[in-house]
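Working notes, structure below.
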């Protein structure tokens, strides 16, 4: 009697992640998954029905159009299984682990690319650039835990410097009459609008406008300083003294701490004002904004004695700005009146808060960074959100502007730039310190910053001329739209019309934000599901950057923070590859750190690894 046949195990079921249908064969599952995607669909020209399979589409069109189907050109599908291996393994017909770079290419120290397997219209080179310390100097300098920001070679200067001029984020060209006798030289990127509020110390009264043109001179002649400037400097010292006393009573600082009035009067002088901020200001501005830029300018004036002494007032200036009535009014409007949130005074106090935040984050002090991350940054971001800056858009297309609409353009662009610098600050905190993002990508639905040439227009006539040079094409997508496009399955490629007006500055904002998407995925246990899409998005961004750089070196000259975009791209790829390999370094595993030690160690480690041709393991 024969033994009973063993029961066969049930066939494994493969489930569709979208509709949960099950299949026994992977080919059937893949064919079904294609029905959930619009990519590669064939449309019937008669009834507009769509089909994934070519044979089904051909039969339908034959029935739907009859004899007319002879004129319909259908795509020819390539037979065989689509290759997923890298180019080298596919050509050699050997197995590939689909890594980036794959183990075979890494062992042979040869470039690893996936151009054959790329499904986009434009092949993207999947290669991790080998770098040395000389090729990412900004990252190493910025994260050097032993560096003291503000020195002549400090990282803070490099973040905003462009050759011999500062690429300051808060400055914006001030609309003025085209009359030549009223024309003043502009800074590289101005951030102020026309008719900004007078220097206001508080909301209890109005103060006369202060005009820098009354005393600013290339010779810095002190005799031109008006009496208004003297009174405003005295008022600045008085406000800092009152704020210091309030901090002492609240226990924010030591009870025995004494405000050094004599030192403050030596620092906040009219001559120092000229020396520290003459590059930035050309018109009127509020007291908190002038104070923050005054202190920021002192960072770049060492070893000038007053510049070094000014650092002793950073903390009290921070308290003064973040406790200012204008900021409180944005966060707690009176009744239903929200008009103040988008006013000039509101924008100025937000600029001041952003500036003092940059100053404090540049200091090599963990307690200060922790206070900014936990206390100040959430308040600041909430205020920017309530001001509506994240959705700020120009009221008309750039090409539709004229000399008469210059002031409107500047006001709109001011809010656009404020939102993106807020997002960039968020990216910095999340990327360097593994912090929790306060400004979410989905909120960034406003316009992207305009071209620098439009930004630098000194007169309405120059502005109108620059408008005439604006390239054609659709308006660049918002930051949220740009991130989504790079992450989705189908991508039109770097030569698509939608990228025609994209600038290096916009690309730098995009790669910085893509890096934050990677951190969020890593810290929320989503990395296994998203790392391939992230790597693909990084490579798409790089192909876009390379294409823009080839268009015109002069037109696409990288200035300010955008010249560090490739360093940010390298860090994005290195972090994903390190996480993929199970790296347990402090930077990868620790959350909410307040020191550059971990990230600097990570950079140094992976520079060494790449230099030995191993790639991010």
TODO: Might you check whether a residue that is under 18 Å from residue 312 (Cα atoms), part of a helix (DSSP H, G or I) and in contact with a helix residue (DSSP H, G or I) (Cβ under 8 Å, 6 or more places away or on another chain) occurs anywhere in the range 372-385?
DONE: yes
Considering every residue within the range 530-551, establish whether at least one is at pLDDT below 75 and farther than 19 Å from residue 515 by Cβ.
no
Screening 302, 307, 352, 346 for residues that are within 16 Å of residue 389 (Cβ to Cβ), modelled with pLDDT under 90 and either in contact with a helix residue (DSSP H, G or I) (Cβ under 9 Å, 6 or more places away or on another chain) or assigned to a helix (DSSP H, G or I) (or both) leaves only 346
Per the filter on the range 27-63, residues at pLDDT below 75, farther than 24 Å from residue 491 by Cα and loosely packed, with under 12 Cβ neighbours inside 10 Å are 47
Log entry, pairs with first residue in the range 219-238 being closer than 19 Å to residue 260 by Cα, second being surrounded by 13 or more Cβ atoms within 10 Å (Cβ to Cβ) and at pLDDT below 60, beta carbons closer than 6 Å, six or more apart or on different chains, reads 232/199; 235/201
With criteria (1) touching a helix residue (DSSP H, G or I) at 6+ places or on another chain (Cβ under 6 Å); (2) modelled with pLDDT of 80 or more, residue 558 comes up short on (2)
Screening 354, 414 for residues that are in contact with a strand residue (DSSP E or B) (Cβ under 6 Å, 6 or more places away or on another chain) and either on the phi < 0 side of the Ramachandran plot or without any contact (Cβ under 8 Å) to a residue 40 or more places away in the chain (or both) leaves only 414
Residues in the range 482-505 that are within 24 Å of residue 530 (Cα to Cα) and surrounded by 15 or more Cβ atoms within 10 Å (Cβ to Cβ) total 8
Looking across the range 463-476 at residues that are modelled with pLDDT of 90 or more and surrounded by 15 or more Cβ atoms within 10 Å (Cβ to Cβ), the single one that is nearest to residue 591 (Cα to Cα) is 476
Residue hits (the range 429-451; touching a helix residue (DSSP H, G or I) at 6+ places or on another chain (Cβ under 7 Å) and either farther than 19 Å from residue 568 by Cβ or surrounded by fewer than 19 Cβ atoms within 10 Å (Cβ to Cβ) (or both)) are 438, 442, 443, 445, 446, 447, 450
Those residues of the range 587-607 that are surrounded by 19 or more Cβ atoms within 10 Å (Cβ to Cβ) and either assigned to a helix (DSSP H, G or I) or out of contact with any helix residue (DSSP H, G or I) (no Cβ under 9 Å at 6 or more places or on another chain) (or both) come to a total of 8
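Here is a yes/no grid of residues against (1) assigned to a helix (DSSP H, G or I); (2) in contact with a helix residue (DSSP H, G or I) (Cβ under 9 Å, 6 or more places away or on another chain); (3) modelled with pLDDT under 85:
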residue	(1), (2), (3)
252	no, yes, yes
256	no, yes, yes
262	yes, no, no
290	yes, yes, no
295	yes, yes, no
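The values are calculated or read from the model by the stated rules, or taken from the named source; none is laboratory data. The structure presented is a predicted model; accordingly, all values stated were derived computationally and were not measured. Glycine also receives a Cβ, built like all others from the backbone with ideal geometry; neighbour counts cover every protein chain displayed.
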